[in-house]
Structures are given as structure tokens and as C-alpha cells.
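Working notes, structure below.
The values are calculated or read from the model by the stated rules, or taken from the named source; none is laboratory data. Model, not experiment: these values are computed from the prediction. All Cβ positions, glycine included, derive from the backbone under ideal geometry; neighbour counts span all protein chains shown.
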Amino acid sequence: MPRANRNKVAAAITILILLLTSKMAYLAGITSFYSFYLMDHFQLTVQEAQLCVFAFLAAGAAGTFFGGHLSDLWGRRNVIWFSILGALPFAFLLPYVNFQISILFCIIIGFTIMSSGSVNVVYAQELLPGHIGAVSGLFFGLAFGAGGLGAAALGMLADSTSIDYVIKLCCFLPLIGLLAIFLPSDRKLKEWAVEAELAQAEIP
């Protein structure tokens, strides 16, 4: 692969890592703290508040399932964009809507934000063909690590400020996903793959 393309691939991998880290931090914030936010604002029971978290996680599971199929129809980068732009407006408004609307918003956010879960990994594997195992290990390991570290960091922040502050801060985490504008298109990935194969074939 030409050096210029290697630099572009490194930049794209860095962007994917930032996207995944911000996503897992957001998931940690919602799953760990949003039910407490609801109980405080709407005087709900634990069971009632957990309905939103359940809706979020169930929709996320569905989004992960359908995201792969959507990427085959729309393309990898388009699904990554869908997961960001589809979730952003609802993530911003989530702390300011009533309980009934928050359930609906959690379903929409969960489905859209998780629709690119497996797509991110496949996209990264296409960026680095021949390193499938390393890429998979990096991204899955990063996903779990980022989620755990995010929950711990947000928990300490909640102790020093408030749950309300943490939930409203989480609204801004999906904004990091706008870095996806710098990701190469699926067509460009195929061109780089061809160039890499040609360069490999020229090596005696």
C-alpha cells in the first residue's frame, strides 16, 4: 500500500476508535445512570425507570442485528452515518422530555446508535485486510474497556456534580461521531485494496 494511503488508513482507524469510545461511554451513561435520573425527575419506582433502559437495550440488540443487513444495502459508511445522525437529535432531547416520550426516544436511540456496532468492525477489517484477527481483537477489546472506563469516569463525575449533570453531558458524546465525515467511502476502500494487492504482487 502506498505511504499516502497508509497514513489515510491510520487516520480512519483512529476516527473509528474515537467513534467507538464515545459510543460506549454514552451507552455506559444511559445504562448506568439514566434510571436514577428518571426516578429523581418523575418520582418513578425502580421498575418503572428501568423500562427505559430495557427499551434502550432491546432496541440496541435489534439495531445490531439489522445493521449488518442495512450495510449490505446502503454501504458500510452510510450505516455509520445513519447511526450517528439518526441518534443525535433524540440524544439531545432525551433529558428534556416526559417519561412516555423518553421510552420512545430510548428505542430510537438504541436502534440507531447500535446499528453500526458490527459494521464498525467490518469497516476496520476492510481498512486493514490481512489483519482481521488483530482488528477484531482491538475493537471488541476496546468496546468492553471503553464501556467500563466510561462508567467509572461518569460515576466519579456524578459523585462530584450530580446525575442530572452527567446525563446532560452524555447528550454531547454522540457529537464525536461527526468525525465520520473524514472516513473514506466504501468505493475508496475497494480502490485501496486493489492498490495494496498490486503493490504486493510487485514484490519479488
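All conditions in (1) more than 23 Å from Gly137 (Cα to Cα); (2) assigned to a helix (DSSP H, G or I) hold for Val9, with the sole exception of (1).
As for the stretch 151-171, it holds no residue that is in contact with a Ser or Thr (Cβ under 7 Å, 6 or more places away or on another chain) and closer than 25 Å to Phe66 by Cβ.
Among the residues of the stretch 112-131, those that are part of a loop (DSSP other than H, G, I, E, B) and within 14 Å of the chain's Cα centre (by Cα) comprise Ser115, Ser116. Can you tell me which residue is nearest to Ile30 (Cα to Cα) among those in the stretch 92-106 that are surrounded by fewer than 18 Cβ atoms within 10 Å (Cβ to Cβ) and aromatic (Phe, Trp, Tyr)? Filtering first and then ranking leaves Phe92.
For the stretch 83-141, taking the residues that are among the polar types (S, T, N, Q) and under 30 Å from Arg6 (Cα atoms), the one that is modelled with the lowest pLDDT is identified as Ser136. Pairs are defined by a Cβ separation below 7 Å, a sequence spacing of at least 6 or placement on different chains, a first member in the stretch 142-162 that is in a helix (DSSP H, G or I), and a second member that is among the aromatic types (Phe, Trp, Tyr); the pairs so defined are Leu154/Phe33; Ala158/Phe33.
The number of residues in the stretch 163-172 that are buried (at least 20 other Cβ atoms within 10 Å of the Cβ) and either free of Cβ contacts under 8 Å to residues at least 24 places away in the same chain or not β-branched (Val, Ile, Thr) (or both) comes to 1.
Give the residues of the stretch 63-72 that are in contact (Cβ under 8 Å) with a residue 12 or more places away in the chain and either over 9 Å from Met114 (Cα atoms) or aliphatic (A, V, I, L, M) (or both), sorted by residue number. Passing the criteria: Phe66, Gly68, Leu70, Ser71.
Cβ-Cβ contacts under 6 Å between residues 6 or more apart (or on different chains), taken from a first residue in the stretch 50-62 that is touching a residue at least 24 places away in the same chain (Cβ under 8 Å) to a second residue that is among the polar types (S, T, N, Q), are listed as Cys52/Ser102; Val53/Thr31; Val53/Ser35.
Determine whether the stretch 91-109 contains at least one residue that is assigned to a helix (DSSP H, G or I), under 30 Å from Arg187 (Cα atoms) and in contact with a helix residue (DSSP H, G or I) (Cβ under 9 Å, 6 or more places away or on another chain). Don't jump to the end; show me each part of the working.
Of all residues in the stretch 91-109, those assigned to a helix (DSSP H, G or I) come to 91-96, 99-109.
Remaining after also requiring under 30 Å from Arg187 (Cα atoms): 108-109.
After this cut, where a residue has to be in contact with a helix residue (DSSP H, G or I) (Cβ under 9 Å, 6 or more places away or on another chain) as well, the list is 108-109.
The answer is yes; a qualifying residue exists.
Condition test on Gly60, is it small (Gly, Ala, Ser), at negative phi and crowded, with 22+ Cβ neighbours inside 10 Å? It would help to see each step written out before you state the result.
Working: small (Gly, Ala, Ser): yes; at negative phi: yes; crowded, with 22+ Cβ neighbours inside 10 Å: yes.
Yes, satisfied.
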